[in-house]
Amino acid sequence: WLKLKSAHPSSPNQRSGRRRPLDKMKTVLAAACMSAAGAVVVQNQGSSFLARQQSSADPPSNKEIHEKWDKMDDFMEIMFTIACKWKHGKDVDGATSEALKKGKVDGPGAMVFKKGIQKDNLQGLTSACGMVVASGEGKCRQGCADRWGKAMGKRNACDGKCVASYDQFESRCKAKVANLEKVYEMKVTAENSRNTCYNGHCKEFPQVWMKATEADMTTEVETQCKKRCTPEQITARCETKWTLQVDFLRDSVKSKCAAESGVTDCFTTKTADVSAAYDKCSSEGKTTCETQATECSTKGNADKSLKQAGEFCAERKKMCLEQVDTNCLADNKAGLGEAEGECEAEAKTAFEKCEDDALAAKETESLSLCNSDLTPKCLEDCGKKCDVATMQTCLTNLKSKSDPAEEFCTDFWKLLHESSEIDPITGDPIVLLSSKKRLTQ
């Protein structure tokens, strides 16, 4: 749409009134929009224009012409603003949603994808600002040369106006790029705030977020809760709950089954044998160490010789006792493990059946209790997971009477409109001193 800033009229015959470079576009749109209402296209000296079908052959008055084209001007502004808002709003959101549906991005990557589109839009607008100046300024200055010819004073004045007009346009256009970036930042902030409302009050039902009114949201919550509270869904939730609990019950069931299957009695008996073996090992080992210590003292005459001889025999006895303890403990541990394995092997079939039966009974009991507990209050508890009223209040508090995107687009239209003004008498561009200045007739 920036390309609509085109060249100025090049001949005095075209200066019968104030023209804007958007007129051609307006004519095309008017023809398309008014054809259904009975408008016809009339050819006149190679130029097309709209002629309203009238019962009278009298041409329209200047007032009627002004009113018609003022309305078309308003229509163009509305259409431009709508298209602009969609480009920087719904088009961005739509492309992101489509990427999510097709699996091109995931949840966290959606915001990165959206910012990429916004970045491209900003770069495109920056480029367009420069392209308008590059193509339009030369045409404007050439128009001055064509209109004024050798009237150098007026030609130079017109040329200066072209330069000033496009300098102003380029400066203001680049400022709009910065404004658009702020609009995007505000949109991201607003979206984050809305997500806080959604996740804070209705996290489990994103389907509800898409509804426009509180009544529709409430209906959607009821619909989703009915789906969650079918007998099949409740049973599935209870089974999930049981799966999380069963590991905590398994140890107690095993202990009980071990006692009932005879494993405990078997292990008690074998443990006694292993303990007796340990006591025997320890006693015999200590006796051997004492005997060896006595022999050491006797053969070495430790009591009559140097002090070091006695210390050697004592150290040797200590090492012997440590080895006895280590070996006897290792044999004891191995004996206990072997006893446990033998007992479990003897009672394996009975133990496994006991464990399976006990867990099956507990599962049946757990599922029955869970179903009887969840079924009566399922709809009520489900509804509490989405507080529609509070969420709506949260969203309402975020609403603003002003739409940053609409304000940006309206302001940009004014820039295009104002920068295209020309003097209806001379055909020279009008250099506005401020954005509020208008040419009046």
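Annotation: amide H-H contacts under 5 Å for Ile422 (H modelled 1.01 Å from N, sequence separation of 5 or more, or interchain): Arg19, Ile430. Reported to the nearest whole Å, the Cα centre-to-centre distance from region 156-187 to region 77-136 is 20.
According to the square roots a ≥ b ≥ c of the eigenvalues of the Cα gyration tensor, what is the shape class of region 181-333, taking rounded for a/c under 1.5, prolate for a/b larger than b/c otherwise, and oblate for the remainder? Oblate, since a/c reaches 1.5 and b/c is not below a/b. Karplus-based coupling profile of region 356-368, in residue order and whole Hz: 4, 5, 5, 5, 4, 5, 5, 5, 4, 5, 5, 5, 5, with θ = phi - 60° in 6.51 cos²θ - 1.76 cosθ + 1.60 and x standing for Gly or Pro. Summarising the overall dimensions of region 114-258 from its C-alpha atoms, the Rg and Dmax are 33.4, 117 angstrom.
Taking a straight Cα-Cα cut-off under 17 Å and skipping sequence neighbours fewer than 8 places away in the same chain, the lysines within cross-link reach of Lys256 are Lys348, Lys353, Lys362.
The mean sequence separation of alpha-carbon pairs under 8 Å and at least six residues apart, normalised by the residue count of region 74-208, gives a relative contact order of 19 percent. The distance separating the Cα centre of region 373-433 from that of region 208-255 comes to 37 Å.
Given a 1.4 Å probe and the protein chains as shown, Glu342 ends up with an accessible area of around 70 Å².
Among residues other than Val188 with Cβ under 13 Å from its Cβ, the summed charge is +2 (Lys and Arg +1, Asp and Glu -1). Region 288-394 gives an Rg/Rh value of 1.63, both radii derived from C-alpha positions and Rh following Kirkwood. Looking at the square roots a ≥ b ≥ c of the eigenvalues of the Cα gyration tensor of region 213-266, which shape do they give, rounded for a/c under 1.5, prolate if a/b is larger than b/c, or oblate? Since a/c reaches 1.5 and a/b is larger than b/c, the shape of region 213-266 is classed as prolate. Tell me whether region 87-134 comes out rounded, prolate or oblate; compute the Cα gyration tensor, take square roots of the eigenvalues as a ≥ b ≥ c, and use a/c under 1.5 as the rounded threshold. It is prolate, given that a/c is not under 1.5 and a/b is the larger ratio.
The lysines whose alpha-carbon is closer than 19 Å to the alpha-carbon of Lys299, local same-chain residues fewer than 8 away aside, are Lys307, Lys317, Lys318. Legend: distances between Cα atoms for Lys115/Lys176; Lys174/Lys399; Lys85/Lys414; Lys203/Lys227; pairs beyond 22 Å are Lys174/Lys399.
The values are calculated or read from the model by the stated rules, or taken from the named source; none is laboratory data. Bear in mind the structure is a predicted one, so any value in this text is a computation, not a measurement. Every residue, glycine among them, receives a Cβ derived from its backbone with ideal geometry; neighbour counts consider all protein chains shown. With ligands, DNA and RNA removed, areas are computed over all heavy atoms of the protein, side chains included. Shrake-Rupley method; radii C 1.70, N 1.55, O 1.52, S 1.80 Å.
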